[in-house]
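Every number here is computed from the coordinates shown, using simple stated rules; none is lab data. Everything quoted here is computed from the prediction, not taken from an experiment. Here the Cβ positions follow ideal geometry from the backbone for every residue, glycine too, while neighbour counts run over all protein chains shown.
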Amino acid sequence: MEELDLSNNHIIGSIPSFLCKVSNLSHLDLSRNRLSGKILDCWKKNTNFEVINLLSNELSGTFPSSFGNFELLTWLNLRKNSLHGEIPQALKTCENVQALDLDSLLIGGIPSSLCQLFQLQVLDFANNTLSGSIPRCIGNLTAMLQPMPINLAISPGSWPSDIKWKYEGVNQVLKGID
């Protein structure tokens, strides 16, 4: 199985642990359900995940540090959940990520390690309780300046609406940081 799309249903319970062991899965979309509990922290290195969409569930707990094992990841959407804790430094290993949508209850600062994500085009940390300063190096993420569509391994016509509006208005997310 390469794709699992169970979005827009009424699925309840936790994310099943067998998903940590599925080696060929590249697209996981469990968005807009009623999943609850913690996001599993059991993901192995070199998984094939390119897209993970867990938007609009009732997930809680801390951000799994094993998400840093997703070397092929291009899009991570954890928006509209109740995650808490800090943004893990481990995300710096997701070198292909182009969109990070972490609208949740995260705290702490924006890690400067995110500046190593040179493919990043959309960075959404809205509705968190982040503190501290914005790392100066965020202004060096030149992929945010590119006018070409985000390559999310899916055609633009099938992008979720929460990504469409961001791309349409995004030529530059942060620039000119002193």
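Using the 10 angstrom Cβ neighbour count as an exposure proxy, how do Met1, Met144 rank, fewest first?
Ordered by Cβ neighbours within 10 Å, fewest first: Met1, Met144.
Need one word for the range 1-127: rounded, prolate or oblate. Basis is the Cα gyration tensor (sqrt eigenvalues a ≥ b ≥ c); a/c below 1.5 gives rounded, then a/b vs b/c decides.
Oblate shape, in that a/c is at least 1.5 and b/c is the bigger or equal ratio.
Between Glu95 and Ile12, take the C-beta separation as r, use R0 = 41 Å, and let me know the FRET efficiency to the nearest 0.05.
Values: r = 35 Å, r/R0 = 0.85.
Computed FRET efficiency for Glu95 and Ile12 comes out at 0.70.
At 0.36 nm per residue, minus the direct Cα-Cα distance, what do Phe118 and Ser65 gain on full extension? Give it in nm, one decimal, please.
17.1 nm
Using label points projected 7 Å from each Cα along Cα→Cβ, tell me how many nm separate Arg34 and Glu86, to one decimal.
For Arg34 paired with Glu86, the spin-label model returns 3.6 nm.
What ranking of Val22, Val51 emerges when the number of other C-beta atoms within 10 Å of each C-beta is taken as an exposure proxy, fewest first?
Fewest-to-most Cβ neighbours within 10 Å comes out as Val22, Val51.
For the range 119-138 and the range 1-19, what is the centre-to-centre distance using only Cα atoms, to the nearest Å?
A separation of 29 Å, based on Cα centres.
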